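First the structure, in the form of structure tokens, and then the observations on it.
Computed from the coordinates by the stated procedures, all read-outs in this text should not be read as laboratory data. Because the structure is a prediction, the values reported are computed rather than measured. Glycine gets a Cβ as well: all are built from the backbone with ideal geometry, and neighbour counts include every protein chain shown.
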Amino acid sequence: MDPTRPLPSPARRLLLRGLGRAGATLGLLALARPSGALSREPLRFPRDHGAHPDARIEWWYVTGLLTPARAAAPSHGFQLTFFRLRRPLKAALQARDFAPDQLLLAHAALSDLARQRLVHDQRLARLAGSGLARADERDTRLRLGDWTLERDALAGGLSRYRLALRSDAADFALRLTLDAPQAPLLQGNAGWSRKGPGPAQASRYISEPQLRGAGQLVTPGQAARERPVQALAWLDHEWSDELLGGAADETQRAQGWDWLGINLHDGSALTLFRLRHADGRVLWSGGSWREADGRSEDLQQRVRLEPLAHWQSPLSLARYPVRWQLRTPRGDFLLQALFEAQEVDARRSSGLLYWEGAARLSTPDGRELGLGYLEMTGYAERVPL
């Protein structure tokens, strides 16, 4: 059995009985208690580019815009995300084959900006025993079947990332090499990023904005013909024991989050996020501004993200904000989705429906400042983290 593919029906029925509903892998994170407090030790590289198996959840998240050779504007947006989960199934399943200590999930998506169409795929495997999944603790070396993300160390502590994926289900393939112009951006306080008022609501959070490179893209219906593309991308690496608060205290409990990472045309980078209560009130907000020369400013609790327009998904019926007014110490901005229908259905792996797509940052009068990605979770249902 290939663990990167959907389970065959007998095994799937066993799994669904244990989980209680299809695709509830992440929902069982509440059953896996953290083994200890998240470490606040200073980050050390390259080790902290690698996996942290004691943390409850971890992800490496690469998004960006792809521009064909000789084209003036991007044609596609892309996402490749690897999630490592610690012991999410043991409390619910007794069968040895379905009780892994660590799981690796991956999501991939391609947004066709001209056709306003998103395709996506997802995978899930055990890290131990499957032979197809890997999350190295020494550096970024991730593999789930033939989906890979690897980091090479360059001079001066800089990074070069190589990613590759091929999806038969979504009918696209992508290979990229991406170089970071600066050392990693340590979000929050030296990589300690608050996510709420509770002492456990925090993450270790590293970003690599303004990644530039090139590669090959095969798009749906292209009959496996590769074409060269230039890429402008962003990588986040984050790990935590608790992001949205426990169920006991509603004042510290979030429904989901909104996040954006924008590469500005002048070489700077903007990160913003907010965590929301179920009624839409903001539990916590933050982000950063990084100048082109590498100087950065922490924006924790000094930003406002205000929805201006919504799109309703015909699949989940969730209403996602697709146009935003952003208020920051660096000024006010507008954020607009490059197209609305960029919802990802990942219920076969993470159990989630969320919105993840390419977006444009502009001045209040409409002058484009940069491009990047917007992520919105918890609109279809609460994210169980």
Over segment 134-188, what relative contact order in percent results from Cα pairs under 8 Å that are six or more residues apart?
24 percent
At most 11 other Cβ atoms within 10 Å and a DSSP loop assignment: could you name the trypsin sites (Lys or Arg not before Pro) in segment 207-307 that fit?
Arg225, Arg281, Arg295
What ranking do Tyr161, Tyr320, Tyr373 get, fewest neighbouring Cβ atoms within 10 angstrom at the top?
Tyr161, Tyr320, Tyr373
Just rank Phe339, Phe45, fewest to most, by other beta-carbon atoms within 10 angstrom.
Phe45, Phe339
Where q = 0.13, 0.15, 0.21 Å⁻¹, what log10 of I(q)/I(0) comes from the Debye formula for segment 193-250, counting one point per Cα?
-0.59, -0.65, -0.82
Segment 275-344, relative contact order [Cα under 8 Å, separation at least 6], %:
21 percent
Can you give the Rg to Rh ratio of segment 288-336, both from alpha-carbon atoms, with Rh computed by the Kirkwood formula?
1.14
Bin all alpha-carbon pair distances of segment 325-385 at 10 Å intervals from 0 and give each bin's fraction as a whole percent.
21, 40, 26, 12, 0
Cα gyration tensor category, rounded, prolate or oblate, for segment 131-183 with a/c compared to 1.5
oblate
Other-chain or far-sequence residues with amide H under 5 Å of Gly261's (modelled H)
Tyr373
Between Asp365 and Arg302, what is 0.36 nm times their sequence separation minus the Cα-Cα distance? Round to one decimal in nm.
20.4 nm
Take the Cα coordinates of segment 232-363, assign each an equal point scatterer, and use the Debye formula without solvent to give log10 I(q)/I(0) at q = 0.09, 0.10, 0.16 Å⁻¹.
-0.29, -0.36, -0.94
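Let me spell out the model: positive unit charges on the Cβ of Lys and Arg, negative unit charges on the Cβ of Asp and Glu, origin at the Cα centre of segment 182-267. What dipole size does that give, in debye rounded to 20? Please report the intermediate quantities before stating the final value.
Details: 7 positive and 10 negative charges, 65 e Å.
In total the dipole reaches around 320 debye.
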Mind running the shape call on segment 136-224? Use the C-alpha gyration tensor, a ≥ b ≥ c as the square roots of the eigenvalues: rounded below 1.5 for a/c, prolate if a/b tops b/c, oblate otherwise.
prolate
By the gyration tensor of its Cα atoms, with a ≥ b ≥ c the square roots of the eigenvalues, what is the shape of segment 102-254: rounded for a/c under 1.5, prolate for a/b over b/c, or oblate?
prolate
Extension gain (nm, one decimal) between Ala37 and Arg281, 0.36 nm per residue minus Cα-Cα:
85.1 nm
Using the Cα centre as the reference, give the magnitude of the dipole from point charges on the C-beta atoms of segment 280-385 (Lys, Arg: +1; Asp, Glu: -1; all else neutral), rounded to the nearest 20 debye.
260 debye
